[in-house]
1. Name every residue in region B:103-143 that is within 13 Å of chain A (Cβ to nearest Cβ) and of a type in the set (Asp, Glu), in order of residue number.
2. Name the single residue that is nearest to the other protein chains (Cβ to nearest Cβ) among those in region B:55-66 being crowded, with 21+ Cβ neighbours inside 10 Å and out of contact with any helix residue (DSSP H, G or I) (no Cβ under 6 Å at 6 or more places or on another chain).
3. List the helices (runs of 4 or more DSSP H) inside region A:1-118, counting only whole elements, that have at least 2 residues being surrounded by 15 or more Cβ atoms within 10 Å (Cβ to Cβ) and at pLDDT 85 or above.
4. Pairs, please: C-beta under 9 Å, at least 6 apart or cross-chain, first residue within 7 Å of chain A (Cβ to nearest Cβ) and in region B:89-101, second of a type in the set (Ser, Thr, Tyr)?
5. Please pick out the residue among A:Ala444, A:Ala374, A:Ala369 that is within 11 Å of chain B (Cβ to nearest Cβ) and either at pLDDT 90 or above or more than 30 Å from A:Leu509 (Cα to Cα) (or both).
6. Please state which one of B:Phe16, B:Phe62 is in a loop (DSSP other than H, G, I, E, B) and free of Cβ contacts under 8 Å to residues at least 60 places away in the same chain.
7. Looking at B:Ala140 and the list (1) without any contact (Cβ under 8 Å) to a residue 40 or more places away in the chain; (2) in a helix (DSSP H, G or I), which single condition is not satisfied?
8. How about region B:205-218: which of its residues are surrounded by fewer than 21 Cβ atoms within 10 Å (Cβ to Cβ) and at pLDDT 90 or above?
Amino acid sequence: MSASFHQREIAAIPVLEQIALRVARLPWWAIVIVAGLAVVFYSFFTSPLYRRALIFITDDPRLTTTRFANVTYDVRAADGSIRRVEGVLIGQAGDLINIETKRQVTIRVPRADIATLSCTPPAEGDDCPVGSTVTLLRAQISGALIFEDLGRFRLVTDDGERQEVLKFSVQIENVVRTPENCRPDPEGRCRVLLPLKPEEAANTISGTVLEADGTGFLIERSPGEILQIRQSDIVSVVRYAPAECALNNLAGCDSGIFLTLFVAIIAFALAVVIGLVAGLMRISENPILFNAATVYVEVLRGVPLLVTLLFVNFALYTWLRDEFPRLAPTLQLLIGGLAAIVAIMQAWNRRAALRTEPAAFWQPIITAAIMGTALIAVVGLFAANSDLPPISRGILGLAICYGAYLAELFRAGIQSIGRGQMEAARSLGMSYLQAMRYIILPQAFRVVLPPLGNEFIAMLKDTALLTVIALPEMTQRARIFAADTFRVFEPYITIGALYLCMTLLLSVLVRAVERRLALPR
Amino acid sequence: MAERPIISIQKVNKYFRTSRGVVHALRDVSLEVYPGEVVTIIGPSGSGKSTLLRCINRLETFDSGQIVVDGIALDSAANINKVRAEVGMVFQNFNLFPHCTALENICLAQRVVRRRSRKEAAEIAHQLLAKVGIPEKADAYPSQLSGGQQQRVAIARALAMQPKIMLFDEPTSALDPEMIKEVLDVMLDLAREGMTMLVVSHEMGFARAAASRVIFMDQGEIVEQGDPETLFTAPRTERMKAFLSKIIKH
């Protein structure tokens, strides 16, 4: 009776006044932040520049599907002839399409590789003098194979030029490798001869002859230019490849705010796993585990995050791509051997248990087998996909850095739980892992939850550093916007407000989870 | 007694190595406990009583000698988790799991170690809570219980594993005086039911009422042992006399 009266009394206060009462109870800093955010969000609705910045930064999907696609069109020219245009789609306005053609300044072609040759002005015999314009069909290309993946060969020709050849332009069934079936090798021990498909436009080279001698030609291809063509002139679309995510092709990646959140969440999940393992190793009594974890933690904590990111993105990435696949089988063998040794040692130690308690005898052996297999699989996975895309490199860099920070956090959290808890659990017959799983970690989790939330917020902000590896997350998009429009206030204020919204929401969320998990006092 | 001892300790030595030097915590300790016995261990602090108790379920390792619990020798090959499941332990600081209710505290190890179903474990837990006199506190968290209630939950938690031996490491010394009795009453009940118990405690009343044997330890050695009445009234050694006079003074 009295409760309902009470409620009615509160409802009687006008809504505005209720809000005013709530606002009055907020601390002044909250009012400043909310007011600032309100101004920025108001700008999104009123100022076209702010709105464009917001759309660009949070990512308009239309930007990624049309821009930067690799295209090949057959286009009808004014005189009715049809010519082939190959390049990157960089813009579209109504019927007009802007295509930036491939830019390769010079290329050296040995005479032996040439199938047909024609020049303007026409030359005597089948030679083309310096200065003439040449069109030639290349029949083959040979050199030392240094890299190969599903789509391309990368090789160094005898003239010392690096060339990339797309596999679809090669008669792949006639490729000759010396020694037979050799794999790509940076030292040049694998030579290949690639016969090219004559019908493929990429194999027709035209340009101006810069040098001509007995062995071959040095040709200056037409430098990249921006062609404007009409959509209605396109006779056929030979190739339309939406932009792929790559360092030189940013718009192909999903970008903006989604990329920021995606990278932060995946990297943090990975960092929690790494941190938990390293944290448990840091409290281990096994000196090998302890020292390995300590070196990892101290090094990664002592090196600036930015330096680690650059190292992972450039140095580690190149090593993984070029060297790791060759080392992987040896590494897998080593891991397998180690797992076998551990299993045998465990079996020897527990041989007495075989008759009385087979489960206790087999369990560590099965564990060693599973761990060994898993590690071998991980190494294999890395070896097979060693050419990591930029997004993976960014995630990896953040994860190994934050793994080190979280390791210390988890170690402190676990050690803050009194020794008595572990003793009580063990005295009831639980194994070390069971005690960790049921007793120590649930308690440690409550201890580390607030700092863990802070670390996630810190990581979310640190994704901005990925702009140095040209990952098109929010900050990179803002920089591109600033470079495109020469406006600096709008993009940076916009990303500032967006980061602030995300972090504020997160800290509210962390506090809510903390309250839910809190134990009664 | 003609029976086989359930705990047999032979010439056990234990050293604590610290940065300041080596402490000889147990010196050639030998002790046999038979099923159904209630043994109380007394002695000044640092005399090795708790260390001895903790060696019996390998919370501490020892350097030489042999301990056999229920027919299993405690060496590196022993499945220590199996031994521990048969040996209940009650700690001075209760060591209840603060993130679990009283009921969950009692059920957790039953389910994880004894692989009992949730229902079965809860039934046993409710019976034990009734036995220790706090059936109404099943859903309370340890922080909501008094010291005496917490210690009784801890005893119930150890009993839920249906151990053959119970170890009590100063179970009443962290309690307010008015709560000591409720814990001792539970222990007395347990002794009357024939549980084998090793109790490190200075509760003379409990020793007189329940102990079949009292052991006096000093500086890592067993100095004197016997039935409580003779030991307390007519100590044979000087060290025991000095210790008793200190206790009785206040």
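The values are calculated or read from the model by the stated rules, or taken from the named source; none is laboratory data. Just so it is clear, the structure is predicted and the values come from calculations on it, not from any experiment. All Cβ positions, glycine included, derive from the backbone under ideal geometry; neighbour counts span all protein chains shown.
1. B:Glu104, B:Asp139
2. Filtering first and then ranking leaves B:Ile56.
3. Helices (runs of 4 or more DSSP H) meeting the threshold: A:28-46, A:48-58.
4. Every condition considered, the pairs that remain are B:Met89/A:Ser427; B:Phe91/A:Ser427; B:Asn95/A:Ser427; B:Phe97/A:Tyr438; B:Pro98/B:Tyr141; B:Pro98/B:Ser143; B:His99/B:Tyr141.
5. A:Ala444
6. It is B:Phe62.
7. For B:Ala140, the failing item is (2).
8. B:Ser212, B:Arg213, B:Asp218
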